[in-house]
Amino acid sequence: MRILTALTYYRPHYSGLTIYTERLARALAARGHQVTVMTSQFDPTLPREAVEDGVGVLRLPVLMRLSKGVIMPSMPLRAWQHIRNADVVHLHLPQLDAAPFAVLARLLGVPVVLTYHCDLLLPSGLVHGLANLASNLANHISAGFANAIVTNTMDYAEQSKFLSRYPAKVRAIPPPVTLPAISQADIEAFRARYAIKPGERVIGMVGRLAAEKGVEYLVQAMPRVLERFSDARVIHVGQYQNVMGEERYAQKLAPLIESLGEHWKFLGVIPDEELAAFFHVCDVLAAPSTNSTESFGMVQVEAMTCGTPAVASDLPGLRVAVKKTGMGEIFPLADTDGLAQAIIAVLSSPDRYQGDVAAITRRYAPDTIASEYEALFNELLHG
């Protein structure tokens, strides 16, 4: 099957959406399909055309940026050329360019599948406001022309203002999750590299230092956690410096985080091998996100495949992994006390939160998810 995948940013850009798309593209290619990713050349040093892990990658030059989106003048022609040779077009939303892809594909009689990752909520301001309007319009045009819309969970779809308008098209397929295999020696090396002492209670967090991630609630919960576990410590993985649009947020949190001293440590972005070791080191993973830009939280499942439970906000989609596996606690949205209580509960009785790691790993394996997409593509082609 010839699958044309389109999204604004692809690897090495680092986000949940790009990680999802890369894992799925690799898995589909490994199953024998011809996968081509059409994306932006957001970094001029990246090659225009390449084959990466069996996936063809076509990067189009960027003329200018509009908020978090990009303008690619060559996109309509290149899209037309490649759609004609595709069996299926797979679009990842939110994406400004999804609408012309969807329209062109339907004109050419090629089935269109959308994967709707999350709502787009941009900061206030004229440019961001225009970008938000343009993105919403593009999303609805794309959904109107799509044959099927994939979402991570029906829990999220039922609460989404966007997805609830297209109930007949929505299918739930969870995201692909995988981590490199590591040894006990790798875990011990990670502990030594980052000075993690034996017996410390490690509370992990993964994500950008951004308002929607709810970092302030974990910061504010820590004094109460420390009253019960004086050796507890947050280790935060992800970009925490110069996060676009989050400078004021970082400045507001800086004195609060500094007041925690050695009980809060930033690692920045780390390689996948270190990330796997990190999840093994953690006693609990915190996911205190606050709005619908978080539709699932793949890091929870990544932690669970390493045997580590999670505590998650009671958000549609985000709460599903904990509810399905039993590996953790759900706490009320934006509730500092609730978050502290959830962390204390997991740290106090870790044996209560041990799930079937092997079954979780199989359920979310990229090949499992690719097989579900493959079935959907075949249904549209031959049904």
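For segment 353-372, give me each residue that is farther than 28 Å from residue 1 by Cβ and β-branched (Val, Ile, Thr). Listed by number, the residues that qualify are 357, 360. Checking segment 110-133 against the condition returns a match, with at least one residue being over 27 Å from residue 158 (Cα atoms) and modelled with pLDDT of 95 or more. With respect to the conditions (1) surrounded by 18 or more Cβ atoms within 10 Å (Cβ to Cβ); (2) within 17 Å of residue 115 (Cβ to Cβ), residue 315 falls short on a single one, namely (2).
Taking every residue in segment 368-383 that is under 11 Å from residue 148 (Cβ atoms) and pairing it with any residue that is in a helix (DSSP H, G or I) and not aromatic (Phe, Trp, Tyr), at least 6 positions away or on another chain, the pairs with Cβ-Cβ distances below 7 Å are 373/24; 373/28.
Selection within segment 267-278: residues that are assigned to a helix (DSSP H, G or I) and in contact with a strand residue (DSSP E or B) (Cβ under 7 Å, 6 or more places away or on another chain). The member of this set that is nearest to residue 187 (Cα to Cα) is 278. The one condition from (1) closer than 29 Å to residue 237 by Cα; (2) modelled with pLDDT of 95 or more that residue 88 does not meet is (1). In the set (1) buried (at least 24 other Cβ atoms within 10 Å of the Cβ); (2) at pLDDT 95 or above; (3) among the charged types (D, E, K, R), residue 323 fails one condition alone, (1). Among the candidates 321, 334, 286, the residue that is aliphatic (A, V, I, L, M) and assigned to a helix (DSSP H, G or I) is uniquely 321. Quick check on my filter: what residues within segment 221-251 are among the small types (Gly, Ala, Ser), surrounded by 16 or more Cβ atoms within 10 Å (Cβ to Cβ) and either over 21 Å from the mean Cα position of the chain (by Cα) or not in a loop (DSSP other than H, G, I, E, B) (or both)? If the condition is that a residue be among the small types (Gly, Ala, Ser), surrounded by 16 or more Cβ atoms within 10 Å (Cβ to Cβ) and either over 21 Å from the mean Cα position of the chain (by Cα) or not in a loop (DSSP other than H, G, I, E, B) (or both), then 221, 232, 250 are the ones that fit. Looking at 180, 175, just one residue is in contact with a Phe, Trp or Tyr (Cβ under 9 Å, 6 or more places away or on another chain), under 29 Å from residue 373 (Cα atoms) and touching a residue at least 40 places away in the same chain (Cβ under 8 Å), and that residue is 175. Looking for something in contact with a Gly (Cβ under 7 Å, 6 or more places away or on another chain) and under 21 Å from residue 361 (Cβ atoms) - is there at least one such residue anywhere in segment 192-215? Looking for residues that are in contact with a Gly (Cβ under 7 Å, 6 or more places away or on another chain) and under 21 Å from residue 361 (Cβ atoms), one finds at least one in segment 192-215, hence yes.
Does any residue of segment 235-246 turn out to be more than 24 Å from residue 297 (Cα to Cα) and free of Cβ contacts under 8 Å to residues at least 24 places away in the same chain? No, the conditions are met nowhere in segment 235-246. Consider segment 1-38 and keep the residues that are of a type in the set (Val, Ile, Thr), in contact with a Phe, Trp or Tyr (Cβ under 8 Å, 6 or more places away or on another chain) and at pLDDT 95 or above. The one that is nearest to residue 76 (Cα to Cα) is 37. The set of residues in segment 76-98 being in contact with a Ser or Thr (Cβ under 6 Å, 6 or more places away or on another chain) and either in a helix (DSSP H, G or I) or not assigned by TED's automatic domain parsing to the domain that holds residue 58 (or both) consists of 98 alone. When 182, 203 are screened for being crowded, with 16+ Cβ neighbours inside 10 Å, part of a loop (DSSP other than H, G, I, E, B) and not polar (S, T, N, Q), only 182 passes. Only a single item in (1) assigned by TED's automatic domain parsing to the domain that holds residue 22; (2) touching a strand residue (DSSP E or B) at 6+ places or on another chain (Cβ under 7 Å); (3) not small (Gly, Ala, Ser) is not met by residue 308, and it is number (1). Restricting segment 326-350 to residues that are surrounded by fewer than 17 Cβ atoms within 10 Å (Cβ to Cβ) and over 19 Å from residue 223 (Cα atoms) leaves a set whose member that is nearest to the chain's Cα centre (by Cα) is 326.
Would you mind telling me which numbered condition in (1) more than 21 Å from the chain's Cα centre (by Cα); (2) assigned to a helix (DSSP H, G or I) residue 28 fails? Of everything listed in (1) more than 21 Å from the chain's Cα centre (by Cα); (2) assigned to a helix (DSSP H, G or I), residue 28 misses just condition (1).
The values are calculated or read from the model by the stated rules, or taken from the named source; none is laboratory data. Since the structure is predicted, the reported quantities are computational estimates derived from the model, not experimental observations. Neighbour counts are summed over all protein chains in view; Cβ atoms, including those assigned to glycine, are modelled from backbone coordinates with ideal geometry.
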